[in-house]
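These notes are about the structure you will find just below.
Throughout, read-outs are computed from the coordinates displayed, never taken from laboratory work. This structure is a prediction, so every number in the text was calculated from the model and none was measured. Note: ideal-geometry Cβ built from the backbone for every residue, glycine included; neighbour counts use all protein chains shown.
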Amino acid sequence: MTAVSGKAHRLGDNIDTDRIIAGKYTKTLDAGDLAAHLLEDYDPELKERIRPGDVLVAGENFGCGSSREQAPIAIKTAGVSVVLARSFARIFFRNAINIGLAVAEVPEHEIPDGARVRVDLLEGTVVDEDAGQSYRATRMPAVMAEILEAGGLVPYLKEHGGYEASP
Amino acid sequence: MAQTIAEKLLSERVGRAVEAGDIVVVPVDGAMATDATAPFALQAFERMGGERVWDPERFSLVIDHATPAPNERISTLHTVMRRFAREQGVRLYDVGEGICHQLMVENGHVRTGELFVGADSHTPTYGALGAFAVGVGSTDLAGVLLTGKIWLKVPRSVRIELTGTLPEGVSAKDVVLYLVGRLGIAGATYEAVEFAGEAVTSMSLASRMVLANMVSEMGAKTALVETDGLRLPGGAGAPVLRADPGARYRREVTVDVSGLRPQVAVPHSPDNVRDIDEVLGTKVDMAFIGSCTNSRLEDLHAAARVLAGRRLAPGVRLIVTAASRHVFNQALADGTVQALSDAGATFITSGCGPCVGTHQGVPGDGETVISSTNRNFRGRMGNPNASIYLASPAVVAAAAAAGEIVDPATLPLAGEGRVA
Ligand code: SF4
């Protein structure tokens, strides 16, 4: 899961979790239900355009607002391979890693809608292949990288039993 | 080394001096999940191989986000929570007990100096007591249930010094709306927001909770209010909690609140904040006084002071929730509920109510809502075609009476029957 490539779907700044998945759709344990309403209030057709492996590319403060984990679950279930943003809201960033959705903060990116992007999470590199432009992703704390590598916090804790394994 | 409150508190919890930027694994003193987050959390806990909650005494489940259940799907999720509580010997606050954050503070499940993890983004509210309280998602909460610990990055801090005295009719909500407007929706992302100063010292616990509550709308990890002057529920003072002189801050902001006007956040972001004077005359269809931000006794009193002896403007509906059953009973006993109901207010179950857009007052297409809650994102109250304005309970009540946004201070005098 560390190197992926896909088509970019460009989103704006301050996309809040109410827009990623409205509160009225969150009261379910069925991930498929969640994906069916992904970003509906933002762009009702977006979910139809997302193909497995595609990349969401956002501006500043992606995922601000509530603590609902349904937001990254909806994105992951829709088939998105990685979310890139200039910056993330903190609970969303943690939640994404915890459920095994790859996310990377790429402060300088200018990736446009439709671009083909290649992301190497281990290396921390993001390449806009159409423009031939590459960007650096911000390093995440080691414990987060290990949780992501394990596929999320459930497999991580199942394996380690606690957090002490990480520095 | 001189420490911020966040550094101080985390150092104490991990048993060595830590500073901003360090990654720490911290023992958790208390934890909480709601019907919006618990179902996923309990599922993740099981998937982690969890059998027993690390310490059932320290964990609370609260059914507040959709209560009573509006449909069979949600009702079944509540059943899952009730069963888990029974099997694990965990405390459960069921339908109508109140909003999670109010219940944690009111019932002493969180105290000064503790580290609390809540599966809800407004958990920093307990910073009003000087607790380091962070909001997380369901899977992180499951990790707490399994291990009794959480990993955190020690946050940098923003210091907010509030000087002066609040003018009559201007409240903690106006202060925090002003601050969200000034710092912005991402103005304190990943950071701790410290509050101090003479205007804080004279504030009630309820008002301090308003300040701490809305640091979430600045992206902050937690809020920490200095405990000088704090009276706990029951009347006792709190242990002293202050930053060291010379502690290092990412940003320091001083605001003299003496000249502050009532503030209003306009659609569709909590940081779109204006002086009330810029939005006077905005017509409203629905008004809501509720939420973990503003539905405590002093908030209901503020609303009743405006509405006693009046009627709602024709065509306007006003929905009110008390933060908890306890608050409701107090408001019932002192005549506040009567005064608001006489004015035409509709009381609904203590809980989140229409704040989260699931039930009990979803606005219609093209409608305008004025609300004492904390978020006005598009679609927040369940309809992306409605517009939400955020304000203090007094301003919400005045708008409900006038049918448009007005400065409560300029409403013509109502008749008899004022309370509080
Ligand atoms: S009242 Fe609103 S903001 Fe507070 S916990 Fe409930 S849904 Fe969240």
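Okay, here's what the table says:
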quantity	calculated
Relative exposure of B:201, B:336, judged by other C-beta atoms within 10 Å (fewest first)	B:201, B:336
Student exercise, the protein assembly as shown dipole from Lys, Arg, Asp, Glu Cβ charges, in Debye to nearest 20	620 debye
Ratio of Rg to Rh over region B:174-317 (Cα coordinates, Kirkwood Rh, two decimals)	0.99
Pairwise centroid distance, computed over Cα atoms, of region B:226-241 with region B:106-139, Å	17 Å
Net charge, residue A:39 excluded, C-beta distance under 9 Å - Lys, Arg +1, Asp, Glu -1	-1
Candidates B:59, B:377, B:132: whichever shows maximal mean-square fluctuation once chain B is modelled as a Gaussian network with Cα springs under 10 Å	B:377
GNM result for chain B, Cα springs below 10 Å: residue of B:52, B:296, B:375 fluctuating most strongly	B:52
Cross-link reach list, lysines versus residue B:153, counting only Cα pairs under 28 Å and skipping chain neighbours closer than eight places	A:76, A:158, B:8, B:221
Separation of alpha-carbon centers, region B:183-217 and region B:381-413, rounded to whole Å	23 Å
Peptide A:26-32 - average C-beta neighbours from other chains (10 Å radius)	6
Signed unit charges on C-beta, dipole axis of region B:114-232, positive-most listed residue B:200, B:177, B:218	B:218
Average beta carbon contacts from partner chains per residue of B:230-241, 10 Å cutoff	0
Kyte-Doolittle mean at least -1.0, axial Cα span of 20 Å or more - DSSP H helices of chain B	B:72-88
Given charges at Cβ of Lys, Arg, Asp, Glu: the protein assembly as shown dipole, positive-most of B:88, B:15, B:326	B:88
Chain B: most fluctuating residue of B:291, B:11, B:216 per GNM, C-alpha cutoff 10 Å	B:11
Ranking of B:151, B:54 by count of other Cβ atoms within 10 Å, fewest first	B:54, B:151
Distance in nm between pseudo-label sites at residue B:334 and residue A:13 (7 Å out along the Cβ direction from Cα)	4.3 nm
Gained length - residue B:362 relative to residue B:1, 0.36 nm times residue gap less alpha-carbon distance	124.8 nm
Peptide B:118-125, shielding by other chains (average Cβ, 10 Å cutoff)	3
Whole-Å distance, taken between Cα centres, linking region B:160-181 and region B:1-69	30 Å
222 nm mean residue ellipticity, helices alone, for the protein assembly as shown (DSSP H n ≥ 4; -39,500 (n - 2.57); rounded to 500)	-7500 deg cm²/dmol
Footprinting exposure proxy for B:389, A:135 (fewest neighbouring C-beta atoms within 10 Å first)	A:135, B:389
